[in-house]
Amino acid sequence: LPDLRVVCNVAVGYNNIDVAAARARKVIVTNTPDVLNEACAVLTWGLILASVRQIPQQMASLQAGRWQIGVGGTLRGKTLGVYSYGRIGAVVADYAKAFGMKVLVWAREASLERARADGYAAARSKEAFFEESDVITLHLRLIDATRGIVSAADLARMKPTALMVNTSRAGLIEAGALEKALKLGRPGMAAVDVFEDEPVLNASHPLLQLDNAVCTPHIGY
């Protein structure tokens, strides 16, 4: 593309673009930092509600000619753990008020200060964050420092009734750890919109075989 002058990434960052190569060729690289805020936050809450009320499983039961498989849980009075308090994390936290949830934040100190200023509690430690949250939602950028930042040990600290939600990047969770954790029952549920290798076709991902996982095909934008 010898006449290429601008690449606009409709996303928050540039991690899918070779910025150095573009700069060497005097190609301008831009992004759209606020375009995902509401869209991703709404999907995050859609996944939370679908998981807690078992909506996909209830639909499957009805379509198979059966009736209720329980009625799921509720959110009022529970604790929403927001991992990283940036543009999207702040919107997700704000929506929690409508569901009567307490918000607990874990992030870098500068982000924790912003969360405190907005009236939210900061977790005492990363360990306490995973132990005390009923729902944890990830809203970090995937960079070298954050790859695998959620470990198998972190997941094992979650309640057996807890839900892990990932609408950010699959690589934030240690490879293979979420599938194993769900089989062990901590956390009890997961909802994901992102996968390490995309697209996922022919139901080939192990999360798609688990009844306690709700998965969508990267539609959070």
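Per-structure values
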{"quantity": "Region 167-178 - phi-based ³J(HN,Hα) in whole Hz, Karplus 6.51/-1.76/1.60, Gly and Pro as x", "calculated": "10, 9, 8, 4, x, 5, 9, 3, 3, x, 5, 5"}
{"quantity": "Selection from Ala156, Ala117, Ala90, by position along the positive dipole direction of region 49-185 (Cβ)", "calculated": "Ala90"}
{"quantity": "For region 39-148: Kirkwood Rh in Å [reciprocal of mean 1/r, alpha carbons]", "calculated": "15.1 Å"}
{"quantity": "Those chymotrypsin sites (Phe, Trp or Tyr not before Pro) in region 1-91 that DSSP places in a loop and that have at most 14 other beta carbons within 10 Å", "calculated": "Tyr14, Trp67"}
{"quantity": "Most to least accessible of Leu62, Leu140 (protein chains only, probe 1.4 Å)", "calculated": "Leu62, Leu140"}
{"quantity": "Backbone HN-Hα couplings from phi across region 109-121 [Karplus 6.51/-1.76/1.60, Hz, Gly and Pro as x]", "calculated": "4, 4, 6, 4, 5, 5, 5, 4, 4, 8, x, 9, 7"}
{"quantity": "Cα pair distances exceeding 14 angstrom across region 103-163, given as percent", "calculated": "60 percent"}
{"quantity": "MRE, 222 nm, helices only [DSSP H, n ≥ 4, -39500 (n - 2.57), over the chain, to nearest 500]", "calculated": "-9000 deg cm²/dmol"}
{"quantity": "Count of Lys pairs (Cα-Cα under 24 Å; at least 8 positions apart or interchain) in the chain", "calculated": "14"}
{"quantity": "Solvent-accessible surface (1.4 angstrom probe) belonging to Arg116, in square angstrom, nearest 10", "calculated": "100 Å²"}
{"quantity": "Surface accessible to a 1.4 Å probe, Glu174 within the full protein complex, Å²", "calculated": "80 Å²"}
{"quantity": "Accessible surface of region 116-171 [probe 1.4 Å, protein heavy atoms]: carbon and sulfur percent", "calculated": "49 percent"}
{"quantity": "Average projected area [Cα convex hull, region 104-213], square nanometres", "calculated": "6.9 nm²"}
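The values are calculated or read from the model by the stated rules, or taken from the named source; none is laboratory data. All values derive from a computational prediction rather than experimental measurement. Positions of Cβ are generated from backbone atoms using ideal geometry, with glycine treated the same way; all protein chains shown enter the neighbour counts. Surface areas here come from the heavy atoms of the whole protein model, side chains and all, with no ligands, DNA or RNA. Shrake-Rupley method; radii C 1.70, N 1.55, O 1.52, S 1.80 Å.
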